[in-house]
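Take a look at the structure below.
Readers should treat all values here as calculations from the given coordinates under stated rules, not as data from a laboratory. Fair warning: this is a prediction, and the values are worked out from it, not measured in the lab. So basically every Cβ, Gly included, is an ideal-geometry build from the backbone, and we count neighbours across all protein chains shown.
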Amino acid sequence: GARIEAIEPLESATAPSLPGAKLPSGHDGQYRRGHITVSFPLDNFGPSIPNLMSAVAGNLYELQELS
């Protein structure tokens, strides 16, 4: 499966980065942000960049609660 290679924390924001984000109950108004580096095995997608982009886009839509 995928592996997280690096996490770089960034400053907090007052608005979500992803459109359509849902506020979790008890949200304090701050959005913690960061850059991550994720490695995917070649077996998952083969040499197909469109397949990789499709998987990443699909995962972003699943992150509404984590925006």
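Results, tabulated for the structure shown:
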quantity: Point-to-point label distance, N59-Q30, nm (Cα→Cβ direction, 7 Å offset); calculated: 2.6 nm
quantity: Efficiency of FRET between N51 and S17 - r from beta-carbon atoms, R0 22 angstrom, step 0.05; calculated: 0.35
quantity: Bins of 10 Å from zero: percent of alpha-carbon pairs in the chain; calculated: 18, 41, 31, 10, 1
